[in-house]
Amino acid sequence: MQGEINTDVSFYVKKLNNHAVRMAHSLYSRKALDECSLMNMWVADFLYNHRGEDVFQKDIEAEFFITRATASKMLTLMEEKKLIRRTSVERDGRYKKIELEPRGVQLHEMCLSIREEVERRFTAALTAEETAQFKALCRRILQSLE
């Protein structure tokens, strides 16, 4: 590889994201769960990690930094695929909490193994200390942007 032309942080973040998505696609058979997207998988993982809590569409929007329209469309499709269910909350019928269906739990289990493998590959060239530093820097950058 010739000398790096573009060394902006955003350039490296984009390249890392491309690698992560390719790895995840290579590890994940969409056919196994009726063409669920990687985003469906990440949302199922988020919902699993927040089970027992009331999670609403606005929480999904905030966690994944997506618009209301995008979240609504994605959650409707996830409901059609029987990955989630949305139920009214007693205190205010306008709010619908989002819960995983059994198929969504299956998707979370896939997500867990894929996350572990992507993490293993991403951190293979780093020490434990470097990995911790990288994560801390990423958290700091995200906090400054949000």
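Take residue 88 and decide whether it is open to solvent by 60 Å² or more (accessible area, probe 1.4 Å) and polar (S, T, N, Q). It is true that residue 88 is open to solvent by 60 Å² or more (accessible area, probe 1.4 Å) and polar (S, T, N, Q).
Residue 47: closer than 23 Å to residue 17 by Cβ, open to solvent by less than 70 Å² (accessible area, probe 1.4 Å) and in contact with a His (Cβ under 9 Å, 6 or more places away or on another chain), yes or no? So residue 47 passes the test. Close Cβ contacts (under 7 Å, 6 or more residues apart or on different chains) running from residues in segment 118-144 that are among the basic types (Lys, Arg) to residues that are surrounded by 12 or more Cβ atoms within 10 Å (Cβ to Cβ) comprise 121/23. For segment 47-146, the helices (runs of 4 or more DSSP H) that sit wholly inside it and include 2 or more residues that are small (Gly, Ala, Ser) are 68-80, 102-123, 128-145. For segment 95-107, the condition holds for at least one residue, the condition being that it is closer than 22 Å to residue 27 by Cα and more than 18 Å from the chain's Cα centre (by Cα). For the structure I just gave you, tell me whether residue 75 is open to solvent by less than 80 Å² (accessible area, probe 1.4 Å), in contact with a Leu (Cβ under 9 Å, 6 or more places away or on another chain) and either on the phi > 0 side of the Ramachandran plot or not basic (Lys, Arg) (or both). Spelling it out, it is not the case that residue 75 is open to solvent by less than 80 Å² (accessible area, probe 1.4 Å), in contact with a Leu (Cβ under 9 Å, 6 or more places away or on another chain) and either on the phi > 0 side of the Ramachandran plot or not basic (Lys, Arg) (or both). The requirement of being touching a strand residue (DSSP E or B) at 6+ places or on another chain (Cβ under 6 Å), open to solvent by 60 Å² or more (accessible area, probe 1.4 Å), farther than 18 Å from residue 17 by Cα and of a type outside the set (Ser, Thr, Tyr) is not satisfied by residue 82.
Picking from residues in segment 25-41 that are crowded, with 18+ Cβ neighbours inside 10 Å and outside any loop (DSSP other than H, G, I, E, B), the one that is modelled with the lowest pLDDT is 33.
The C-beta contact set for segment 44-55 (first residue under 14 Å from residue 105 (Cβ atoms), second residue part of a helix (DSSP H, G or I) and open to solvent by less than 50 Å² (accessible area, probe 1.4 Å), distance under 6 angstrom, 6+ apart or interchain) comprises 44/104; 44/107; 44/108; 45/108; 45/111; 48/108.
The values are calculated or read from the model by the stated rules, or taken from the named source; none is laboratory data. Just so we're clear, the structure is a prediction, and the values are computed from it rather than from any experiment. Cβ atoms come from the backbone with ideal geometry, glycine included; neighbour counts cover every protein chain shown. Note: accessible area is taken over every heavy atom of the protein model, side chains too, but ligands, DNA and RNA are not part of it. Shrake-Rupley method; radii C 1.70, N 1.55, O 1.52, S 1.80 Å.
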